[in-house]
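Reading through the structure tokens given below for one structure.
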Amino acid sequence: MKSCPQCLRTCSDEITFCPHDAAGLTAIEAVTDARLAAAFSRRFRIVRRLGEGGMGTVYLAEQVAVGNQPVALKVSSRRLLDDPQFLMRFQDEAASTGRIRHGNVVTIHESGQADDGTPYIAMELLEGESLADAIKRRGALPPIECAGILLQTARGLNAAHKLGIIHRDLKPDNIYLTRDDENQLIVKVVDLGIAKLRESATRTMTGMVLGTPAYMSHEQAAGMKSDQLDLRSDVYSLGIVVYEMLSGRVPFYSDTPLGFLRKHLLEDPPPFRTIIPELPVLPQIEALVMKALAKDRDQRFASALEFAREFSAASAPVRSEALPRTVVAASPHRESEGQAQEKAEAERHAPKKPEDQELAREPVQENRKNQREPELDRGQQEGAKRVSRASGVFLALLSAFVLAGVIWYVSPIVKDGLERRRLDQLQAAERATTTERSGPAAEAAMLNPKDGLKYVWIPPGTFIMGCSPGDNGCDENEKPAHQVTISKGFWMGQTEVTVGAYKRFARGWSTTMPPPEGNWTDDNKPIANVTWDEAHAYCAWMEGRLPSEAEWEYAARAGSTEARYGPLDEVAWHGDKPGDVAQRRANGFGLYDMLGGVDEWVNDYWGWYGDDSVHSQDPQGPKKGDRRIRRGGASDEIPKCIRVSYRSIDDPSNRLSDGGFRCVWQPMAK
């Protein structure tokens, strides 16, 4: 393995330069498991490796001194042992972080140095998933669920802040979702203090101060020294986390760390309605998130706990609403009025979720009085009943006003989303891509029983096809950018066709064409070395077709007007061979690996592209030709080529080691 001296990321030995910042990579000294086990044998028995990063390696281990208690053992990289300042900082930070004893912070059992001098931290072993994985898997979360996660996260941060400990690198990867013995949600904040250690090590090597660019606070982006940061820096980062929970995306996107810094310094977070018109976020909730993201830290919340409590109160009116977890389109299978009433009644009597119970208990615990209620005489009881009836009438009227307010707010959102389809100018459309609310619900992907893959509903809509605004890397064959309407929704493969799915097809294939060469063992990797004819035959076999070029780009963008629908590292395999499908972040339609992975064949011949003066509807390209188009950019191409508007061409009979595809399913077609 090799390591980047600037960002501390690890890369494979075949790579010379870091794909993130182009810095030259250095070899990481290999330490055998036997050597490491010997160094820790007096205190720990190392079981297996859990993960590896620039700062070191995490192992599953057993703590010998306390009955072989399982722990996560973080072992520092040996290249940091020559830095006495880092070792001193490591001991100080580990000791201070270990003082935090709170149910929403991962427990530090001990820290120190092994027999060979290697620094380590032994901490609580967590089972579950990170918030980042949950967002990747589910997309946007309902406000009430966000409130529960936010409240527990804020409590953990508050415990650290009371001790003067600032996280400095708060992000969904460092918020862990686990369950207790009664299956109640427990949120754990992890890696407190690690950011400061990473910064110390990196300063020694490069003079740079690090963080995760997408989640940096304004003052971190401005270069404020670590010791000058206060808890309001964590409030800003927490605001970005909440923004991502509510919308499924971070407020700012850039291809470079410097681009992120510029946006944190100069740009305001986009309102939720401008990124997803149908997003069910009430104005009072949005106002709280924007307050947490104020550039001036004096204008933010005074604490993470204050932010969480106000958010919980604001989300309470929508606690019982059936808000969608991913927002793309409405289902055509509408419930009858009776079915809707039965569903609402069942939800009313269903046990509350742990998050709801936690939120309901919060104000009670803070205001509970240890006093007995005085007994009332008959006259007082009658008066109390009259007051109770009057209160009931008042609450009913208040509920009606709240409901009217919600309807008043949501109606223009829906109307606005539909009206945006009537775009007259390209400049207006660049920032207002729309989708029509019709067709099946995209949150419930359908499983195709024939190939065993999932397919996601892509609703009809209008978008700008071609070179993205501000993308200076566009090729001439991506111009001019032009407006295109996809008039009918379609089912798109959630992932590229996998090796496992292709095996099903190959076993029942009666044609004389040979199967593709290469990998036939890793069932979850995308199939490659596939000709256009083979891709076409596969899609026909699974009762579908290849997507048109316009359909592919529309589905890949998912409402984004940027060169990518997210940061390259988060959405695409790049710099090497692709990994398993669905391991990078999905786009707004719930599609994985539309960028990186393998280049994907589409149905169109090379030729027609568009005219910026013409509004095109369902373009299909030329009727004939000798070359076909591939989209998406493969993982072994340079980052410049991995973007939504990138187009490549090839002879349809060529087998390419980075050539794959995904299908459009037509389950109702005959």
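The values are calculated or read from the model by the stated rules, or taken from the named source; none is laboratory data. Keep in mind the model is a prediction, meaning the values are calculated, not measured. A quick note on method: Cβ atoms are made from the backbone with ideal geometry, for glycine too, and the neighbour counts reach across all protein chains shown.
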>> farther than 30 Å from residue 183 by Cα, modelled with pLDDT of 75 or more, surrounded by fewer than 16 Cβ atoms within 10 Å (Cβ to Cβ) and not assigned by TED's automatic domain parsing to the domain that holds residue 585: which single residue out of 117, 103 fits that description?
In response: 117
>> Quick check on this structure: which one of 234, 173, 227, 268 is of a type in the set (D, E, K, R), assigned to a loop (DSSP other than H, G, I, E, B) and either farther than 20 Å from residue 288 by Cα or modelled with pLDDT of 90 or more (or both)?
In response: 268
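Filter the stretch 453-480 down to the residues that are touching a strand residue (DSSP E or B) at 6+ places or on another chain (Cβ under 7 Å) and in a loop (DSSP other than H, G, I, E, B), then identify the one that is farthest from residue 544 (Cα to Cα). Even if it seems obvious, please write down each step before you answer.
Within the stretch 453-480, the subset touching a strand residue (DSSP E or B) at 6+ places or on another chain (Cβ under 7 Å) is 453-466, 477-478.
Retained after the next criterion (residues that are in a loop (DSSP other than H, G, I, E, B)): 453, 459-460, 466.
Working: 453: 13, 459: 17, 460: 18, 466: 26 Å.
Checking each candidate, the answer is 466.
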>> Checking the condition within 24 Å of the chain's Cα centre (by Cα), modelled with pLDDT of 50 or more, crowded, with 20+ Cβ neighbours inside 10 Å and not in a loop (DSSP other than H, G, I, E, B), which residue from 308, 287 passes?
In response: 308
>> Give me the residue from the stretch 290-305 that is of a type in the set (A, V, I, L, M) and closer than 21 Å to residue 249 by Cβ and, out of that set, surrounded by the fewest Cβ atoms within 10 Å (Cβ to Cβ).
In response: 290
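Regarding residue 278, is this residue in contact with a strand residue (DSSP E or B) (Cβ under 9 Å, 6 or more places away or on another chain) and either surrounded by fewer than 21 Cβ atoms within 10 Å (Cβ to Cβ) or over 19 Å from residue 561 (Cβ atoms) (or both)? Break it down stepwise before answering.
Numbers: in contact with a strand residue (DSSP E or B) (Cβ under 9 Å, 6 or more places away or on another chain): yes; either surrounded by fewer than 21 Cβ atoms within 10 Å (Cβ to Cβ) or over 19 Å from residue 561 (Cβ atoms) (or both): yes.
Yes: the conditions hold for residue 278.
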>> Yes or no: the stretch 512-523 includes at least one residue that is at pLDDT below 90, over 18 Å from residue 579 (Cα atoms) and buried (at least 16 other Cβ atoms within 10 Å of the Cβ).
In response: yes
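Residue by residue, here is whether (1) among the aromatic types (Phe, Trp, Tyr); (2) at pLDDT below 90; (3) closer than 29 Å to residue 229 by Cβ holds:
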position	(1), (2), (3)
82	no, yes, yes
90	yes, yes, yes
121	no, yes, yes
132	no, no, yes
141	no, no, yes
> Quick one: would you say residue 155 is closer than 10 Å to residue 234 by Cβ and either in a loop (DSSP other than H, G, I, E, B) or over 18 Å from the mean Cα position of the chain (by Cα) (or both)?
Replying inline: no
> Under the condition of being surrounded by fewer than 24 Cβ atoms within 10 Å (Cβ to Cβ) and of a type in the set (Asp, Glu), which residue from the stretch 228-253 is nearest to the chain's Cα centre (by Cα)?
Replying inline: 244
> Do any residues in the stretch 637-648 that are closer than 15 Å to residue 254 by Cα and touching a residue at least 60 places away in the same chain (Cβ under 8 Å) have Cβ atoms under 8 Å from those of residues that are among the aromatic types (Phe, Trp, Tyr) and assigned to a loop (DSSP other than H, G, I, E, B), where the two are at least six apart or on different chains, and which pairs are they?
Replying inline: 644/565
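Rundown of residues vs (1) among the charged types (D, E, K, R); (2) modelled with pLDDT of 90 or more; (3) within 23 Å of residue 622 (Cβ to Cβ); (4) surrounded by fewer than 22 Cβ atoms within 10 Å (Cβ to Cβ), yes/no style:
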| residue | (1), (2), (3), (4) |
| --- | --- |
| 486 | no, yes, yes, no |
| 506 | no, no, no, yes |
| 509 | no, no, no, yes |
| 528 | no, yes, no, no |
| 536 | no, yes, yes, yes |
| 559 | no, no, no, yes |
